[in-house]
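> After the structure tokens below, expect a handful of questions from me.
The values are calculated or read from the model by the stated rules, or taken from the named source; none is laboratory data. The structure displayed is predicted, hence computed values, not measured ones. Heads up, the Cβs are rebuilt from the backbone with ideal geometry, glycines too, and the neighbour counts pull from every protein chain shown.
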């Protein structure tokens, strides 16, 4: 029944948000948004099994990661594309 308590999901999301500040890179931020949004959905009355809650958390996290990727984009210099061979 612990999975159905909304504030546990929100606290987990806040913990992931704090971890994102400590270890930057926009990796934990999507998971933090997913956890907080799952907590909000439970608080609004979503009653589901553990597997449905984890699936909801995963889908919201994935969607928020894609949105964050579109907002922040790829930093310059993050990916090196070679356009010529050094042996030429």
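> When residues of segment 42-58 are filtered for being loosely packed, with under 13 Cβ neighbours inside 10 Å and touching a residue at least 24 places away in the same chain (Cβ under 8 Å), how many remain?
Of the residues in segment 42-58, 2 are loosely packed, with under 13 Cβ neighbours inside 10 Å and touching a residue at least 24 places away in the same chain (Cβ under 8 Å).
> If you don't mind, there's one more thing I want to ask. Return the residue satisfying two criteria in turn: it lies in segment 21-38 and is more than 16 Å from residue 63 (Cα to Cα) and modelled with pLDDT of 90 or more, and of such residues it is surrounded by the most Cβ atoms within 10 Å (Cβ to Cβ).
The selected residue is 21.
> What's the number of the only condition in (1) part of a helix (DSSP H, G or I); (2) modelled with pLDDT under 90 that residue 67 fails to meet?
All conditions are met except number (2).
> Now, a different point. For residues that are more than 26 Å from residue 69 (Cβ to Cβ), part of a helix (DSSP H, G or I) and out of contact with any helix residue (DSSP H, G or I) (no Cβ under 7 Å at 6 or more places or on another chain), tally how many sit in segment 12-51.
Total satisfying the criteria: 1.
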